[in-house]
Amino acid sequence: MDASVSVPSSGKTLVRRIQRHRAIYILLVIPITYFIIFKYIPIWNGQIAFKNFMPRQGVLGSAWIGFANFVEFFDSFYFWELLRNTVMYSVGKLLISVPLSIMLAIMLYECRITVLRKTVQTLAYLPHFLSWVIMYGILLGLLAPGDGLLNDIAKAFGGRGIDYLTNVRAFPWVVLLSDAWKEMGWGAIIFIAALMAIDPTLFEAAIVEGATAWQRVRYITLPSILPVIIMVVLLRLGTILSGGFNQLYMLYSPSVYSVGDIIDTWVFRGLQEGKFALATAVGLFKGLMGLFLLTFSNRMTRKVSGSSLY
Amino acid sequence: MAKSHMKSPVVGISATDKVFYLLVNTVLVFLFIVIAIPLWSTITLSFRPNHFIGTNFEGMFLAPWNWSGAAYKALLGNNGFIMAFFNSIKIMVYGVASALFLTVPLAYALSIRTLPGRVFFIVIILIPHMFDVGMIPSFLMVKDLGLIDKLAAVYLPTAVSTYNCLIMKGFFEGIPDELKESARIDGASEFTLLLRIILPLSKPIVMSVGLFYAVSFWNDFFHPMLYLNSNNLMPLPILLRNILMASGMNEFVEVSAFGEAPIQAIKAASVFLAAIPMVIAYPFIQRYFAKGTLLGSVKG
């Protein structure tokens, strides 16, 4: 790849080309050193997944124990629960927020009242920039058992108050819907960009031919952005084992661990409890699966859209 | 931004189209309300006076002249809160500075197609991005470097985002080669070229990547939670979490003797204060992503 893009260097040896770029290599020294220290030492430390790690003995000094940590994880009762919860949240968020984002993008594109369009657009992007700590504060005002807004309304209609954040049945919906509320607008941006790229003459021709607005959406808009939709779905599939640590960590509590604990939150508690090696094995399992999924989804994306992110 | 394609003069709209546009507008208004209510209820809650009797729903319609700033007065008069605010600013400023200091040269070097070993360097930065070993190996690294309980532990491990770096690389690649060549012929060194030609041309991308870094540093609560123990290093997200988790009067509230405002108002006001820098920065951020700067430049 390197040779194919380089300027044909008639007679110039590799040494001369390297010499010519020496200033660039100097630019690279600090960033690459940074990567070795802050990104590759952790990868090296990942070996403790295969060790009986003792903090006093260090990474190298601890004894190898093969796959014992992995076996312990796969045999444990929480393995399937963690996997189920993680995938449930990833897939659930995908199923809820991607269609909502597409709908929002199309509606913003079709809306002919400029003030309405701009206001909704501005407001819908905003929550993406709020952290999950702030989101938790906002949700408390809505969902608190005693005086939250939703319970106020429920009580006004004669219902009973629910503590949404500690109720096992309500909790997954709180997670999925709060994510949709926060990210729907941000997720719509990529679809809006795709909509803007549609050739306007297609719509003009359709109007002349007497197509209704519904037909234009169904037969022009949707097919035009289909490749982007597929790309977004594939890329999200690549991170299916993430599930959203920051959100779950802020919202969950011991009473909803059974439906709120995902791989990353479990690993974090493992760290707090000093179960370094076991939690590293779980993290490494997630990392390897993630690598596999990401490579796969990238390859598929390239097939579908002709280009990929990496 | 989303320009309507219906610019051509259409004489009369059919009945089905009228229904369509009515539906679009109605749903958009509905969405506006759904997004606005939680934000509005938080804002009104933060101004709730102590003597207010009524539900939160009623509180949303309380007239502004009956609002009380007691919660804000209490928070802004509290040393712990002010200190946390400045710790967050410190983390954000140091973080953005080191992030750009690392990302700009890296992205520029990787954007030079004739660089021998370019693919090797790209692979070096992609591997850690694709293969995430998890939080514990990073924790051990930070511990071994002696960074525990130092602000650097919060902003250094996340200083370079591979995604931002690739976006910037894509932008640099779009700068015409003729420009660089003519500068080189005029005798400019690579450093001069980067500082005098490339960076001024890349202001929009450097600004937007910088803003995105700033947002992520400001919002980060995970790394401070993991690495900082001292109270005087505590940034705003951690303090905010402590305030929110407290059901009733916690030590933070007691020490400061916040008699003037209800605890819910204190919570909501601290949420609002923590969000303010984002709300202020938001129009600037929006200007960049609305233009499609980021999306357009990913594809190299």
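Coordinate-derived values only; no laboratory data. Only a predicted model underlies this, so the values are computations on that prediction, with no experimental measurement involved. Every residue, glycine among them, receives a Cβ derived from its backbone with ideal geometry; neighbour counts consider all protein chains shown.
In this calculation the C-beta distance from A:Ser258 to A:Thr295 is compared with R0 = 30 Å, giving a FRET efficiency of 0.40. Label positions at B:Asn79 and B:Ala15, each projected 7 Å from the Cα along the C-beta direction, are separated by 7.5 nm. The orientation-averaged projected area of the convex hull spanned by the Cα atoms of segment A:128-249 comes to 10.9 nm².
Across segment A:247-310, the relative contact order, built from alpha-carbon pairs under 8 Å that are at least six residues apart, equals 19 percent. Relative contact order for chain B: 32 percent, from Cα pairs under 8 Å spaced at least 6 residues apart, divided by residue count. Each Cα pair under 8 Å and six or more residues apart adds its separation to the average, and for chain A the resulting relative contact order is 24 percent. The trypsin sites (Lys or Arg not before Pro) found in segment B:82-124 that occupy coil by DSSP, while having at most 14 further C-beta atoms within 10 Å, are B:Arg113. If R0 is 60 Å, the Cβ-Cβ spacing of A:Asp75 and B:Glu178 corresponds to a FRET efficiency of close to 0.40.
P(r) for chain B, from all Cα pairs and a bin width of 20 Å, is 24, 45, 28, 3 %, short bins first. On the basis of the beta-carbon distance and an R0 of 35 Å, B:Ile276 and A:Val87 show a calculated FRET efficiency of 0.40. Based on alpha carbons, the Rg and Dmax found for segment B:15-68 are 16.6, 54 Å. Dimensions of segment A:78-305 based on its C-alpha atoms, expressed as ranges along the principal axes with the largest first, amount to 68, 52, 25 Å. Please determine, in degrees from 0 to 90 and to the nearest 10, the orientation of helix B:135-144 with respect to the longest principal axis defined by the Cα atoms of chain B, where the helix direction is its Cα long axis. That works out to roughly 80 degrees. Shape summary of segment B:100-249, radius of gyration then Dmax from alpha carbon positions: 19.6, 70 Å. Take each residue of peptide B:31-40, count the partner chain Cβ atoms within 10 Å of its Cβ, and average: the result is 5. Convex hull of alpha carbon positions in segment A:187-310: directionally averaged projected area 10.8 nm². Between A:Ile162 and B:Glu58, the simple spin-label model (points 7 angstrom out along Cα→Cβ) gives 2.6 nm.
Look at A:Val15, B:Val271 and count the other Cβ atoms within 10 Å of each Cβ; fewest to most, that gives A:Val15, B:Val271.
Across all directions, the shadow cast by the convex hull of segment B:23-161 built on its C-alpha atoms averages 16.1 square nanometres.
Per-residue mean of foreign Cβ neighbours for A:19-25 is 6 (Cβ atoms of other chains, 10 Å radius). Note on chain B: with a GNM built from Cα contacts shorter than 10 Å, the maximum mean-square fluctuation among B:Ile197, B:Ile276, B:Ile53 falls on B:Ile53.
Each residue in A:Phe268, A:Phe50, B:Phe284 was given a count of other beta-carbon atoms within 10 angstrom of its own, and listing them fewest first yields B:Phe284, A:Phe50, A:Phe268. Extending 7 Å from Cα along the Cβ direction at A:Val233 and again at B:Arg287 yields two label points whose distance is 3.8 nm. Dipole size of chain B about its Cα centre, with +1 on Lys/Arg Cβ and -1 on Asp/Glu Cβ: approximately 580 debye, rounded to the nearest 20.
Taken along its three principal axes, the alpha carbon spread of segment A:41-107 comes to 60, 30, 16 Å, from the longest extent down to the shortest. Treating each Cα of the protein assembly as shown as an identical point scatterer and summing with the Debye formula, the log10 of I(q)/I(0) at q = 0.08 Å⁻¹ comes to -0.67. When peptides B:21-32, A:185-196 are sorted by average Cβ neighbour count within 10 Å, with the highest value leading, the order is A:185-196, B:21-32.
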